[in-house]
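Notes for the one structure printed next.
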Amino acid sequence: MKRLALLTMLGLPIAAPVAADMLPGYDRFDLTADHRASPIAASIWYPAANPTYRAPVGDGPIFDPTFAFIGPAIAQGEHPLVLLSHGSGGNSDSLGWLTSGLVANGAIVLAVNHPGSTSGDSSPRRSVDLGARANDLTAALDMILADPAFAPFIDPDRIGVVGFSLGGTTALGMAGVRFDGAAQDTNCSTGPDAADCVFFRRGGVRFADYPGFEADARDPRISRAVIVDPGFGGAADPGTLQGALAGITLINLGDADTTRSC
């Protein structure tokens, strides 16, 4: 039910659910992008037209693996597309519990492992580059919309983005919200033990020194955004809010009465 609600928050009309006995389709690919020195690991989850072989995806210490059919044909029709950004130190495959639920309701989900802030490769200095993280997903979107195997099955008018924690900050950037490095430095000087300060302080990061933190990462193809527990909320530049995407839903995973949308 929570996954169905998330699809609704994205403003994506719900397609006919996939058959209960049909696992999601899943494939991996290497994404080449001009802003990265080496290929980006990416994955796509989608409604499967038929079974292939069943395999576990995303085994780890926190979440159980999600089973999927590897590389099947894509179910007919134009499907909404959801871009997915993981949090600091996370990875796309560990969110299979979410992606499989979105696929079960007709969506295609495109995700990347952001270099420098993914599992086993998470650096404070590289994680602060919000612009590079957003560009990872923009490059993935460019690629998938030009891919003859997937493009005919994507509705370009129904593209959304979902992000968790640092991924939520990344998604806010893609929706047009920009961040102020000096403001974040001030926040961390007055509240050094805040969740979005400790990791970066240990890396000696001064946010104002990193242009990527303040980058304009808006992607006009995105029509809805769901942001879950984003970091750096106190550093959002209020001057950019008016011009940001109107369809942004903010979710706080604390008490129910703290959930809000704008």
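Before moving on, here are some points about what is shown:
- Amide H contacts of Gly90 (H built 1.01 Å from N, under 5 Å, at least 5 apart or other chain): Ser119
- Accessible surface comparison of Glu214, Glu78, probe 1.4 Å, protein chains only, largest first: the order is Glu78, Glu214.
- Distance (nanometres) between label positions extended 7 Å along Cα→Cβ at Asp142 and Asp216: 1.7
- Arg28 paired with Ser189, simple spin-label distance in nm, labels 7 Å along Cα-to-beta-carbon: 4.5
- Among Val161, Val205, Val112, residue whose mean-square fluctuation peaks in a GNM of the chain (springs only between Cα atoms under 10 Å): Val205
- Heavy atoms of Met174 accessible to a 1.4 Å probe, total area in Å² rounded to 10: 0
- Accessible surface of the chain, 1.4 Å probe, proportion on carbon and sulfur as whole %: 54
- Full-stretch length increase - Asn50, Ala149 - with 0.36 nm per residue and alpha-carbon distance subtracted: 34.1 nm
- With DNA, RNA and ligands ignored, accessible area of His35 (1.4 Å probe; Å², nearest 10): 70
- Between the Cα long axis of helix 181-190 and the first principal axis of the chain there is an angle of about 70°, rounded to the nearest 10.
- Rounded to the nearest 20 debye, dipole of segment 136-262 from Cβ charges on Lys, Arg, Asp, Glu: 40
- Segment Gln242-His35, length gained on full extension (0.36 nm per residue, minus Cα span): 71.7 nm
- In the chain, helical runs assigned H by DSSP with n ≥ 4 each contribute -39500 (n - 2.57); averaged across all residues and rounded to the nearest 500, the mean residue ellipticity at 222 nm is -7000 deg cm²/dmol.
The values are calculated or read from the model by the stated rules, or taken from the named source; none is laboratory data. As the structure is a computational prediction, the values presented were derived from the model and not from experiment. As a convention, Cβ positions derive from the backbone with ideal geometry for all residues, glycine included, and neighbour counts pool all protein chains shown. Protein only, heavy atoms only, side chains kept; ligands, DNA and RNA dropped before computing areas. Shrake-Rupley method; radii C 1.70, N 1.55, O 1.52, S 1.80 Å.
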